[in-house]
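Okay, so here's the structure we're looking at.
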Amino acid sequence: MDKHRHFVIHKPFGYVSQFVHNENKRKNKKLLGELHEFPEGTMAIGRLDKDSEGLLLLTTDGKVSEKVRSKKIEKEYYIQIDGEITDTAMEELKTGVKISLNGKKYLTLPCNVKRLEPIPTFEQRTKKIRDERHGVTSWISIILTEGKFRQVRKMSAAVGYPTLRLIRVRIGDILLNKMKSGEVVEVNNFNLPT
């Protein structure tokens, strides 16, 4: 049997975390396969929605995928939010907020949240984010061990600060660092804790 292959990518804004269209309509979505020629059987580990950017791991090994998605592995997100976040809202995020999942209320697990100062610098994305004329924004870091559907966006909205930009910067010890948007790097393994 062939050796499994693993990739680290910086998913650009506007791409979906899949390789084939699974809908009858809207087949004009940008897919990961447009960024690089991946081997057959490659899968995204976890997902980033179309409007999210940043670190995404791909593998041909389902066991590695299961390990990364476990609650043992931290995922860190930098998010730009609408408004200047209060200490109260930060505390709510840390202790857990109720979000909607599949029509039911779900209380998120406690997580680490901090303000990002200085403000992080990333490449400008293809769709411009509103500017200062529309009000102040702030950047925070959220570190989770879970990854529910659109969780980070739902969490920030639940405390009154909608997400304007979301970039995953870390999965376990793997960092986005200075990878360019759309960049793909093949690695031997992901060096995950056992």
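The values are calculated or read from the model by the stated rules, or taken from the named source; none is laboratory data. Being a predicted model, the structure only gives us computed values, none of them experimental. For neighbour counting, all protein chains shown are included, and Cβ atoms are generated from backbone atoms with ideal geometry for every residue, glycine included.
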Can you confirm whether region 126-139 contains a residue that is within 18 Å of the chain's Cα centre (by Cα), modelled with pLDDT of 90 or more and of a type in the set (Lys, Arg)? no
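In the set Leu144, Leu93, Leu166, Leu175, which member is out of contact with any Lys or Arg (no Cβ under 9 Å at 6 or more places or on another chain), within 24 Å of Phe7 (Cα to Cα) and not small (Gly, Ala, Ser)? Show your work before the answer.
Details: Leu144 fails: out of contact with any Lys or Arg (no Cβ under 9 Å at 6 or more places or on another chain); Leu93 fails: within 24 Å of Phe7 (Cα to Cα); Leu166 fails: out of contact with any Lys or Arg (no Cβ under 9 Å at 6 or more places or on another chain).
Of the residues listed, the single one that is out of contact with any Lys or Arg (no Cβ under 9 Å at 6 or more places or on another chain), within 24 Å of Phe7 (Cα to Cα) and not small (Gly, Ala, Ser) is Leu175.
Going by what's in this entry, would Ile85 be described as surrounded by 15 or more Cβ atoms within 10 Å (Cβ to Cβ), under 18 Å from the mean Cα position of the chain (by Cα) and either among the charged types (D, E, K, R) or not in a helix (DSSP H, G or I) (or both)? Can you show your working first?
Details: surrounded by 15 or more Cβ atoms within 10 Å (Cβ to Cβ): yes; under 18 Å from the mean Cα position of the chain (by Cα): no; either among the charged types (D, E, K, R) or not in a helix (DSSP H, G or I) (or both): yes.
So Ile85 does not fit the description; no.
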Considering only region 5-13, I want to know if a residue exists there that is closer than 23 Å to Thr108 by Cα and either among the hydrophobic types (A, V, I, L, M, F, W, C) or touching a Lys or Arg at 6+ places or on another chain (Cβ under 6 Å) (or both). no
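Within region 171-188, is even one residue on the phi < 0 side of the Ramachandran plot, in contact (Cβ under 8 Å) with a residue 60 or more places away in the chain and of a type in the set (Lys, Arg)? Break it down into steps so the answer makes sense when it comes.
First, pick out the residues of region 171-188 that are on the phi < 0 side of the Ramachandran plot: 171, 173-176, 178-181, 183-188.
With the extra rule that they be in contact (Cβ under 8 Å) with a residue 60 or more places away in the chain, the set shrinks to 171, 174-176, 179-181, 183-188.
Cutting the leftovers down to of a type in the set (Lys, Arg) gives us 180.
Checked against the condition, which is being on the phi < 0 side of the Ramachandran plot, in contact (Cβ under 8 Å) with a residue 60 or more places away in the chain and of a type in the set (Lys, Arg), region 171-188 yields at least one hit.
Scanning for something over 21 Å from Thr137 (Cβ atoms) and either surrounded by 17 or more Cβ atoms within 10 Å (Cβ to Cβ) or touching a Phe, Trp or Tyr at 6+ places or on another chain (Cβ under 6 Å) (or both), does region 92-99 turn up at least one residue? Step through it out loud before you land on a result.
Of all residues in region 92-99, those over 21 Å from Thr137 (Cβ atoms) come to 95-96, 98-99.
Then drop every residue that is not either surrounded by 17 or more Cβ atoms within 10 Å (Cβ to Cβ) or touching a Phe, Trp or Tyr at 6+ places or on another chain (Cβ under 6 Å) (or both), which leaves 99.
Yes, region 92-99 contains at least one residue that is over 21 Å from Thr137 (Cβ atoms) and either surrounded by 17 or more Cβ atoms within 10 Å (Cβ to Cβ) or touching a Phe, Trp or Tyr at 6+ places or on another chain (Cβ under 6 Å) (or both).
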Taking region 139-170 and the residues there that are free of Cβ contacts under 8 Å to residues at least 60 places away in the same chain and not in a helix (DSSP H, G or I), the one that is farthest from Ile73 (Cα to Cα) would be Phe149
Can you find even one residue in region 93-102 that is out of contact with any Asp or Glu (no Cβ under 9 Å at 6 or more places or on another chain), in a strand (DSSP E or B), at pLDDT below 95 and under 20 Å from Glu74 (Cβ atoms)? no
